[in-house]
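Enquirer: Take a look at the following structure, please.
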Amino acid sequence: MSEKKSVSVDKAFAALLSDDDAKAMEALAVIHQKGDASSILPLLHALAATEEPARQRRIQALLYQVKVKDAAAELGRALEVPELLDVRKTVISAFWNAGLDAQPYIERLVHVAVEGDAEEAFEVLTVLENQDLLPEKAARLGLSRLKKAVELEKDDYKKAILLDLQQHLESRLGAQ
């Protein structure tokens, strides 16, 4: 990234957190044009910090289209950031909306499905259903974790989603 481009994007990130909606929306346009994978975490932090619906939708739209090099790695890192817990569903959705390879993050995604809410579990199911290849070791570890979680889950709706996820992994692994 050139120095001028970097300064422009840095200013856009600063403006993204502005109370002025026009400045924030303009900043999103700059990030859309000039951003790269390093834009993902700041966008997620901005998403977590705003309650403005138009800004939230615009940030999500950018994340759902991100197809730059290292985007999947940045989303994988975002799953580990405690401050981004409130936007974890968006992080997971970005994998399948953008058509990114989630293979290296299968174990973490299953962990999120188990520890998170029903919406997050559903997003993980969607990602895994749309994943062409699943690393066998990660899928088997996830399956083992899911079997235990299904038995302990008290929320019937989430339990049904976890059971669907378990059955999907069993089917993919040929482990009926």
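Enquirer: Would you work out which of 165, 116, 146 lies farthest towards the positive end of the dipole of segment 101-176? Charges go on Cβ: Lys and Arg +1, Asp and Glu -1.
Expert: Value computed over the given set: 146.
Enquirer: Right, something else. Cα convex hull of segment 46-97: how many Å³ per residue?
Expert: Dividing the Cα hull volume of segment 46-97 by its residue count gives 68 Å³.
Enquirer: Along the three principal axes, how long is segment 37-176 when you take its alpha carbons, biggest first, rounded to the nearest angstrom?
Expert: If we take the Cα atoms of segment 37-176, the spans are 43, 32, 20 Å.
Enquirer: Here is the link list: 23/89; 89/147; 69/89; 67/89. Which ones come out longer than 24 Å on Cα distance?
Expert: Cα-Cα > 24 Å for 23/89; rest within.
Any read-out appearing in this document is the output of simple, stated calculations on the displayed coordinates, not a laboratory observation. The structure presented is a predicted model; accordingly, all values stated were derived computationally and were not measured. Cβ coordinates were reconstructed from backbone atoms using ideal geometry, including for glycine residues, and neighbour counts include every protein chain displayed.
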